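Chemist: Dropping a structure here in structure tokens format, bear with me for questions.
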Amino acid sequence: MPVVKVTDEMVSATGEVDYGAAVRVLDGEYKWSRRRSILLLHESMSGGYLGIERARNYLRNVLLGSLPQEDCAASRDACAGQLRVAVHIRLGDFQADPAGPRPGVFNTRIPLQWYHGVLDILQRHFEGRLHIDIVSDEPEQLARAFPRWKLCSARSRSMSEDLSIMTAADLLVCSVSSFSMLAAFLSDVPYLWYRPQMFEQDGFVSIWGDAPEQQAGPTGANIRKERENAGVPPARGVPVDLDAELPSWLVAFLETKVALSRHSADLMRYGVVSSGAPVRALG
């Protein structure tokens, strides 16, 4: 089939943020839809996840409908009252760098000690109440590197199942990869990001803030918005350094998530609520 490449430059030239709208503009110029059959090759991540914002709910619903059956059963029974954490560790085709990814650097492995530290912290706070899923392109290698968590990583699943588990988790621990980014984009819960990879500007950190077009565009605009939002609750993305503790607000939030997952206190599941709870009449 004839191949047509859609580049970042072509998308940017349309002035559209939404990727679908940009392609429709390009189709008006190049008349692709009038050709009998072609293969559109979309290069790079034009517009990042803002470009597919309108498709978010559709993609999220598709993935949550693809949760592996055994995980669904575990969520109903064994995982009730537990914190579900999905940890994505990308190895395979990623470069190994002892220092890990630096600001603006992608497709590089995060040092395994960072993941060990995060898991140790979670174990300390939620011992006995943790359900960990370690998602990776190299599950057997991870089982050797994380012997204490080998039952959480040595599983054979499809890519869509891995992504669905990450999207449905109560907390997501990311790698520096577009796979983790997509899961975080589709999720509604906090996610941890490797702090040394982030760019710092004007008292704020970001993933793409080192790019001039982002400093003058969305990142710069959002710095101004966050200054106006000073004092409001924290954001979903949580930067975590190699030797850092989790912020207290996140631990409190996760404690609440664990409490809300108790089936024994869910009235719809024949659960019970203390009769001593204060009740105030409405109206």
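Chemist: For region 10-163, rounded, prolate or oblate, judged on the Cα gyration tensor with a ≥ b ≥ c (square roots of eigenvalues), a/c < 1.5 rounded, else prolate if a/b > b/c?
Modeler: Since a/c reaches 1.5 and a/b is larger than b/c, the shape of region 10-163 is classed as prolate.
Chemist: Roughly how many Å² is the accessible area per residue of the chain, as a whole number, for a 1.4 Å probe? Can you show the working numbers first?
Modeler: Values: 16350 Å² over 283 residues.
I get 58 Å² per residue for this part.
Chemist: Follow-up question, since we're still on this one. Starting from the residue with the highest accessible area, list M45, M1 in decreasing order, probe 1.4 Å.
Modeler: Order by accessible area, largest first: M1, M45.
Chemist: Looking at region 133-266, what % of its DSSP beta bridges pair antiparallel, to the nearest 5?
Modeler: Just about 35 percent of them are antiparallel.
Chemist: Helix 218-228 sits at what angle to the longest principal axis of the chain, using alpha carbons and giving 0 to 90 degrees rounded to 10?
Modeler: Taking the Cα atoms of the chain, the angle to 218-228 is about 40 degrees.
Chemist: While we're looking at this one, here's another question. Among the lysines, which fall within straight-line cross-link reach of K257, defined as a Cα-Cα distance under 18 Å, with same-chain neighbours fewer than 8 residues apart omitted?
Modeler: none
Chemist: Of all beta bridges DSSP finds with both residues in the chain, what is the antiparallel percent, to the nearest 5?
Modeler: 10 percent
Chemist: Among 262-275, 120-133, what's the highest-first ranking by average C-beta atoms within 10 angstrom per residue?
Modeler: Details: 262-275: 10.0, 120-133: 16.1.
Most protected by this proxy first, the peptides run 120-133, 262-275.
Chemist: What is the Cα centroid distance between region 1-53 and region 160-209, reported in whole angstrom?
Modeler: What the calculation gives is 26 Å, centre to centre.
Chemist: Roughly how much of S136 is accessible, in Å² to the nearest 10, using a 1.4 Å probe?
Modeler: Roughly 20 Å² of S136 is accessible to a 1.4 Å probe.
Chemist: If you roll a 1.4 angstrom probe over the protein chains with everything in place, what fraction of the accessible area of region 169-256 belongs to carbon and sulfur, to the nearest %?
Modeler: Here carbon and sulfur together make up 54 percent of the probe-accessible area.
Chemist: Report the charge-dipole magnitude of region 151-283 in Debye, nearest 20, computed about the Cα centre from +1 at each Lys and Arg Cβ and -1 at each Asp and Glu Cβ.
Modeler: Taking the Cα centre of region 151-283 as origin, the dipole is about 580 debye.
Chemist: Let a ≥ b ≥ c be the square roots of the eigenvalues of the Cα gyration tensor of region 138-283; is it rounded (a/c under 1.5), or, if not, prolate (a/b larger than b/c) or oblate? Display every interim value, and only then the final one.
Modeler: Values: a/c = 2.23, a/b = 1.19, b/c = 1.87.
Taking the square roots of the gyration eigenvalues as a ≥ b ≥ c, region 138-283 is oblate.
Chemist: Select one label from (1) 1.15; (2) 1.00; (3) 1.20: the one whose number is Cα Rg over 2.2 N^0.38 Å as derived from the coordinates shown.
Modeler: (1)
Chemist: Output the 0 to 90 degree angle, nearest 10, between the alpha-carbon long axis of helix 112-126 and the longest principal axis computed from the alpha carbons of the chain.
Modeler: Around 40 degrees separate the two axes.
Chemist: Assigning unit charges at the beta carbon (Lys, Arg +1; Asp, Glu -1) and nothing else, what dipole magnitude in debye, to the nearest 20, does the chain show about its Cα centre?
Modeler: Values: 30 positive and 34 negative charges, 156 e Å.
That gives a dipole near 760 debye.
Chemist: What are the aspartates and glutamates whose alpha-carbon lies under 17 Å from the alpha-carbon of K5, with same-chain residues fewer than 8 places away excluded?
Modeler: Within reach: D27, E29, E43.
Chemist: From the helices alone, meaning DSSP H stretches of at least four residues, give me the mean residue ellipticity at 222 nm for the chain, per-run term -39500 (n - 2.57), in deg cm²/dmol to the nearest 500.
Modeler: So the calculated ellipticity at 222 nm is -11000 deg cm²/dmol.
The values are calculated or read from the model by the stated rules, or taken from the named source; none is laboratory data. All of these numbers come straight from a predicted model, not from anything done at the bench. Glycine also receives a Cβ, built like all others from the backbone with ideal geometry; neighbour counts cover every protein chain displayed. Surface areas here come from the heavy atoms of the whole protein model, side chains and all, with no ligands, DNA or RNA. Shrake-Rupley method; radii C 1.70, N 1.55, O 1.52, S 1.80 Å.
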